[in-house]
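Trainee: Below is one structure. I have some questions about it.
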Amino acid sequence: MKKRRRTAAVICAAAIAALLAAGCGGNGGSGTSAPGAGETDPAAQQTVSEAAVYTVTFMNGEEEIGALSAEEGSLLDAAALAQIEAQPDTEFLGWFETPTFLASSEKDMASTPVTKDMTLYGSFRSTNVAEDTRAWYLAGTSSGGPLAANNWANASVDEETRELFRLQPTGNAVNEFSITIDLFAGDQFQVIHDWAWDGQKGYGRFTQIDAEQMEDGGGLSGDSAKSNVNVIMDGSYTITLTTDPDNEPLDTLTIVRNGDPLQAAAETEGAEFVPSETTGVMIKGSWVDDWSDVRELTRTEDGLFEITMDLDADTQLCFMIYDDGQDTGIVLKDPDVKDEASRALMAENGNNIQVAEDGSYTFSVDVENMTVTLGR
């Protein structure tokens, strides 16, 4: 009897051990066991290996000055970022997605998680700014104010008259220039150097401007930084320009109204331009980025001026009136297209003439009535 009891005890112990072993299975007795010590869950390992890594490339102008990588949703390494920002002989001002440092494209990479590959452009102010030896001028037009003698920095303006529109060094800061001048409602202006239009500075360059006194008047390029400034309120104004010859996007303008004009606007007779046999018409537009391609229209037998061009949709353009080889300062744009058939071919712009679709367009300019028509 004792022997039989020992055998039953052994069988019972073996059954209990089997049940305990089965109870440790990962799938309730399916036979699959959980990972043991030192083993990695395959699913977890796959999640780690698939974490996205993105690279941010940093530029100073056209020069790459560094690149940093981080997993998606993570911040860049703060110490490495600070080292890139510490460029020699410069003050770091910010990172931008656009090389022209548009405020809307600024990125604070110290607090912005990385979610994609990016190229960022650094704004650096030199701590040893080069002296700006250029002569800066106000260029514009007026019906009776001082800018009437300027005529958009016309080439025929003599040196003595040009000096009336020159911004003078203030002595308050490096490369700071200013001018105080009477401006009247309807006047338009920009700032240029050396009586030339490369590097012009318009409405978008002003960091301080009162919307009740000035407005964006548009321009030939469609770029706000090169837009005309339209004067809304008469006044004596001081315009101040600060430049960095080594980093043109950092150039800024401010304008402050000092009070009423010091002198009244001159009375004008409002004489209209009278076309002659020497009158000509030129066209320029955004079919080239810098609007530098100027083409002459052909005079027809009925006294109109015409040109036919193949243009892409959204191309902007305008027409300039010349007489005896001299620019009259008259520019025909969107408001000078009057007929409904022509306007049906245009995109709404309000400034330059802008074609709505790809195609071949014929433009006709009537210099007697100062109107433009277009057809396809």
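Trainee: For the stretch 184-202, enumerate the residues that are among the hydrophobic types (A, V, I, L, M, F, W, C) and farther than 22 Å from Gly235 by Cα. Steps first, answer last, please.
Mentor: Of the stretch 184-202, the ones among the hydrophobic types (A, V, I, L, M, F, W, C) are 184-185, 189, 191-192, 195-197.
Scanning the stretch 184-202 gives Trp195, Ala196, Trp197.
Trainee: Moving on. (1) over 30 Å from Val56 (Cβ atoms); (2) surrounded by 15 or more Cβ atoms within 10 Å (Cβ to Cβ): which one isn't true of Leu81, the others all being true?
Mentor: Failing condition for Leu81: (1).
Trainee: Kindly indicate whether any position in the stretch 166-177 is buried (at least 20 other Cβ atoms within 10 Å of the Cβ) and of a type in the set (D, E, K, R).
Mentor: no
Trainee: Pick from Asp302, Asp323: which is touching a Pro at 6+ places or on another chain (Cβ under 8 Å) and over 30 Å from Thr238 (Cβ atoms)? Steps first, answer last, please.
Mentor: Numbers: Asp302 fails: touching a Pro at 6+ places or on another chain (Cβ under 8 Å).
Among Asp302, Asp323, only Asp323 is touching a Pro at 6+ places or on another chain (Cβ under 8 Å) and over 30 Å from Thr238 (Cβ atoms).
Trainee: Can you pull out the residues in the stretch 39-68 that are of a type in the set (S, T, N, Q) and modelled with pLDDT of 95 or more? Talk me through it step by step, then tell me what you get.
Mentor: Filtering the stretch 39-68 down to residues of a type in the set (S, T, N, Q) leaves 40, 45-47, 49, 55, 57, 60.
Of everything in the stretch 39-68, those that are of a type in the set (S, T, N, Q) and modelled with pLDDT of 95 or more turn out to be Thr55, Thr57.
Trainee: Just give me the residues in the stretch 95-122 being under 16 Å from Ala67 (Cα atoms) and not in a loop (DSSP other than H, G, I, E, B), in sequence order.
Mentor: If we filter the stretch 95-122 for residues that are under 16 Å from Ala67 (Cα atoms), which is where we start, we get 95-97, 107-110, 112-122.
If the condition is that a residue be under 16 Å from Ala67 (Cα atoms) and not in a loop (DSSP other than H, G, I, E, B), then Trp95, Phe96, Lys107, Met118, Thr119, Leu120, Tyr121, Gly122 are the ones that fit.
Trainee: Is it the case that Leu345 is over 26 Å from Gly217 (Cβ atoms), surrounded by 13 or more Cβ atoms within 10 Å (Cβ to Cβ) and at pLDDT 95 or above?
Mentor: Values: over 26 Å from Gly217 (Cβ atoms): no; surrounded by 13 or more Cβ atoms within 10 Å (Cβ to Cβ): yes; at pLDDT 95 or above: yes.
When the stated conditions are applied, Leu345 does not pass them.
Trainee: Here is a list of conditions, (1) more than 24 Å from Gln213 (Cα to Cα); (2) at pLDDT below 90; (3) in contact with a strand residue (DSSP E or B) (Cβ under 8 Å, 6 or more places away or on another chain), and Gly280 meets all of them except one; can you say which number that is?
Mentor: So the condition that Gly280 fails would be (2).
Trainee: Here's a follow-up. With the stretch 140-256 as the region, which strands (runs of 3 or more DSSP E) entirely inside it contain at least 1 residues that are acidic (Asp, Glu)? Walk me through how you get there before you give the answer.
Mentor: Working: elements: 176-183, 188-193, 196-201, 206-208, 214-216, 229-231, 235-242.
Of the strands (runs of 3 or more DSSP E) lying wholly inside the stretch 140-256, those with at least 1 residues that are acidic (Asp, Glu) span 176-183, 196-201, 214-216.
The values are calculated or read from the model by the stated rules, or taken from the named source; none is laboratory data. Keep in mind that this is a model prediction, so the values were computed, not measured. Cβ coordinates were reconstructed from backbone atoms using ideal geometry, including for glycine residues, and neighbour counts include every protein chain displayed.
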